[in-house]
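The values are calculated or read from the model by the stated rules, or taken from the named source; none is laboratory data. Everything quoted here is computed from the prediction, not taken from an experiment. Note that we place each Cβ from the backbone using ideal geometry, even for glycine, and neighbour counts take in every protein chain shown. Surface areas here come from the heavy atoms of the whole protein model, side chains and all, with no ligands, DNA or RNA. Shrake-Rupley method; radii C 1.70, N 1.55, O 1.52, S 1.80 Å.
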Amino acid sequence: MKRLLFFLLITLLSAKFVWILYPTSIAAETFTAKRSPEQFVELKRRIVDYYSTRAVGRLTITGDGQDHFPLDLSCNGAPLLTLMRHESTTLLVLYSGAARRFPDVVSAADLLSPEFGDLRSALTRDQLEQMSWLEKLVLRIRDGADFESRCDIGDKR
């Protein structure tokens, strides 16, 4: 009986370590543009102004209050886009499936097109089908990122 309990305890501990340490990744495309700090702040303000007046509910905007921090746009914990600055380079990260989860993210791409070029083709590629069911489960339960739900403008759930 002690051996069975010991085996069960070891199995549960092993499963817990795998759950905590299981590596997950989200497919994304990165675009760069040479911009000054002032231009970066202006890009952030354009996106924040656009979505803060339209988006409520499950859409989350983080980093909008601090000019030098990255801007993250996410839907139910699943990232849609990230805008960040490193030295004189501004980076835009578009995450796979963003247009499916939040169709209005295309408007953000249109706001940023003058700086980064045509972003619509990147938004049409959806590589989330390549994620395993275990990755999706871990991301949803452990990390709180729901890749199956949608966030629409005016969606208050």
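Here are a few things to note about the model shown:
- Odd one out for Arg45 among (1) at pLDDT below 85; (2) open to solvent by 70 Å² or more (accessible area, probe 1.4 Å); (3) closer than 16 Å to Leu81 by Cα; (4) in a helix (DSSP H, G or I): (1)
- Test set (1) modelled with pLDDT of 75 or more; (2) under 28 Å from Cys151 (Cα atoms); (3) of a type in the set (A, V, I, L, M, F, W, C); (4) surrounded by fewer than 19 Cβ atoms within 10 Å (Cβ to Cβ) - Leu81 fails condition number: (4)
- Test: residue in segment 61-69 that is small (Gly, Ala, Ser) and without any contact (Cβ under 8 Å) to a residue 24 or more places away in the chain: yes
- Selection status of Leu59, surrounded by 19 or more Cβ atoms within 10 Å (Cβ to Cβ), of a type outside the set (Lys, Arg) and modelled with pLDDT of 85 or more: no
- Hey, Leu112 modelled with pLDDT of 75 or more and either part of a helix (DSSP H, G or I) or touching a strand residue (DSSP E or B) at 6+ places or on another chain (Cβ under 6 Å) (or both) or not: yes
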